[in-house]
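Notes to accompany the following structure.
The values are calculated or read from the model by the stated rules, or taken from the named source; none is laboratory data. Just so we're clear, the structure is a prediction, and the values are computed from it rather than from any experiment. Please note: Cβ atoms are built from the backbone with ideal geometry, for glycine as well, and neighbour counts cover all protein chains shown. For the accessible areas, the whole protein counts, side chains as well, though only heavy atoms, and no ligand, DNA or RNA atoms are used. Shrake-Rupley method; radii C 1.70, N 1.55, O 1.52, S 1.80 Å.
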Amino acid sequence: MTVPFLDLGAAYREIGAEIDAAIARVLRSGHYILGPEVEAFEAEWAAYCGATHCIGVGNGLDALTLSLRALDIGPDDEVIVPSHTFIATWLAVAAVGATPVPVEPDPVSCNLDPARVAQALTPRTRAILPVHLYGAPADLDPLLRIAREHGLALIEDAAQAHGAQYHGERIGAHGDLVCWSFYPGKNLGALGDAGGITTRKTALAERLRELRNYGSSVKYVHEHQGVNSRLDPLQAAVLRVKLQHLSAWNARREQIALRYASGLQDLELQLPQSLPGTRSSHHLYIVRTSQRDALQAALAEHGVQTLIHYPIPPYRQGAFSSLGCAAEAFPLADALSRSVLSLPMGPHLRDEQVERVIAALHDILQTTASAMP
């Protein structure tokens, strides 16, 4: 049996008729830029997240970049970012001319460590940008306290946290702005690039709607130097259909995560742990081992596909060599980049495939252990 990391076509095979009908509705409507389909999705996603507003944009990176712009963050400003994350978080800060200031994660949750954030603040700090990594919420309450005490913005990168919960409330309205990617592989994924921003702050929402649309709210009247980053109505229609299934799909992800946890608990693997009072969306299921590369190769031989999120920390990327970070400046990020391995995860993973992954890991690791002197 071959176990794919993620079967992107499975959702369409399940609900293809609903998606086809939604796409046909857009094609018949004659509204191909913004319009009622986008407005409907924005209202539905805001309500799901407990926010007041949703602003649909072209992709997740644009959501981050436009959020920073809406807050007038730019050159000479610093933004706190995780040392271990996908590079998009850093790229958005660089795109507005600000400086990303990396902060190490909590070694258990892998999310931004509030204690280290407090130590990294300078007079130039304007915002804190936590990532809800792998779908597990960051510890927002202490981060919000730090932000409020120092007059900083809190922008959440929620690209992996669709449906995740922090102390009983869904991610989507805790910080000033919450940024979403609807990339096809996400828990709520479009059929191409798409993104959004949720907030309870009306003034910021209005400015973001202008910034995404050439800086304009009235045709040919441009109050800001905006961009063209508008959620496509076809993608909005697809997202509206998938949103109706998101809770059920997340429940299946949680079921798989619980089976992994029980089936792998006796092996020499570090399993994911969420903070108390949080509920992960289980976007990814990450295990950690010092023998990561060998384990990945052995799993491939057993027909189990895995991925690495993320093998090179942003501070080691050529794109950020100008920051001048020392080679070993962020040891926790380095350790995670060398040890994390993402197992197959998705709502359409079958029970027998989950058991195959567990059996393969037992076979590989128990064989390795018995071969040791």
Practice prompt. Express in Å², to the nearest 10, the accessible area of LEU231 obtained by rolling a 1.4 Å probe over the protein heavy atoms while all chains stay in place.
Written response: 0
Worksheet entry | Extended-chain gain in nm, criterion 0.36 nm per residue less alpha-carbon gap, HIS348 and GLU301 | 14.7 nm
Worksheet item: For ILE308 and GLU223 in the same chain, what is the full-extension length gain: residue separation times 0.36 nm, less their Cα-Cα distance, in nm?
Response: 26.3 nm
Discussion item. When a/c reaches 1.5 or more, the comparison of a/b and b/c decides; with that in mind, is the chain rounded, prolate or oblate per its Cα gyration tensor?
Written reply: oblate
Fill in: Estimated vicinal HN-Hα couplings, Hz - the stretch 336-349 in sequence order (Karplus 6.51, -1.76, 1.60; Gly, Pro = x)
5, 4, 8, 10, 7, 9, 9, 7, x, 8, x, x, 9, 5
Worksheet item: When the accessible area of the stretch 206-348 is split by element with a 1.4 Å probe, what percent falls to carbon and sulfur?
Response: 50
Discussion item. Could you sort LYS219, LYS242, LYS186, LYS201 by their accessible area in this structure, using a 1.4 Å probe and putting the largest first?
Written reply: LYS219, LYS201, LYS186, LYS242
Worksheet item: In the stretch 83-221, what % of DSSP beta bridges are antiparallel (nearest 5)?
Response: 55
Discussion item. Let's test the formula: R0 of 22 Å, r as the Cβ-Cβ distance of THR368 and GLN270. What FRET efficiency results, to the nearest 0.05?
Written reply: 0.85
Worksheet entry | Inter-probe distance in nm under a simple model that places probes 7 Å from Cα toward Cβ, at CYS325 and LEU258 | 3.8
Worksheet entry | the chain - accessible surface per residue (Å², probe 1.4 Å) | 42
Practice prompt. Please give the peptides 321-330, 338-347 ranked by average Cβ packing (other Cβ atoms within 10 Å per residue), highest first, as a rough proxy for protection.
Written response: 338-347, 321-330
Worksheet item: How many percent of the accessible area of the stretch 41-160 is carbon or sulfur, using a 1.4 Å probe?
Response: 54
Item to complete: Quote to one decimal, in nm, the extra length available between SER247 and SER29 on full extension: 0.36 nm per residue of separation minus the C-alpha distance between them.
Response: 75.6 nm
Worksheet item: Ranked highest first by the average count of other Cβ atoms within 10 Å around their residues, in what order do 131-139, 81-89, 9-17, 43-51 fall?
Response: 131-139, 81-89, 43-51, 9-17
Practice prompt. Could you tell me whether the stretch 28-167 comes out rounded, prolate or oblate from its Cα gyration tensor? Rule is a ≥ b ≥ c as square roots of the eigenvalues, rounded for a/c under 1.5, then prolate if a/b exceeds b/c, otherwise oblate.
Written response: prolate
Practice prompt. Could you check the simple spin-label distance between HIS167 and MET1, using points 7 Å along Cα→Cβ, in nm with one decimal?
Written response: 4.2
Item to complete: Arrange the residues GLU18, GLU169 by how much accessible surface each exposes, largest first, with a 1.4 angstrom probe.
Response: GLU169, GLU18
Response to the item:
Descending packing, highest mean Cβ count within 10 Å first, for 92-100, 262-270, 295-303 is 92-100, 295-303, 262-270
Worksheet item: Ranked by accessible surface with a 1.4 Å probe, highest first, in what order do THR65, THR2 come?
Response: THR2, THR65
Discussion item. Ignoring solvent entirely, what values of log10 I(q)/I(0) come out of the Debye formula for the stretch 157-255 at 0.10 Å⁻¹ when each Cα is a single scatterer?
Written reply: -0.32
Worksheet item: So for the pair SER290, GLN317, with labels modelled 7 Å out along Cα→Cβ, what separation do we get in nm?
Response: 2.9
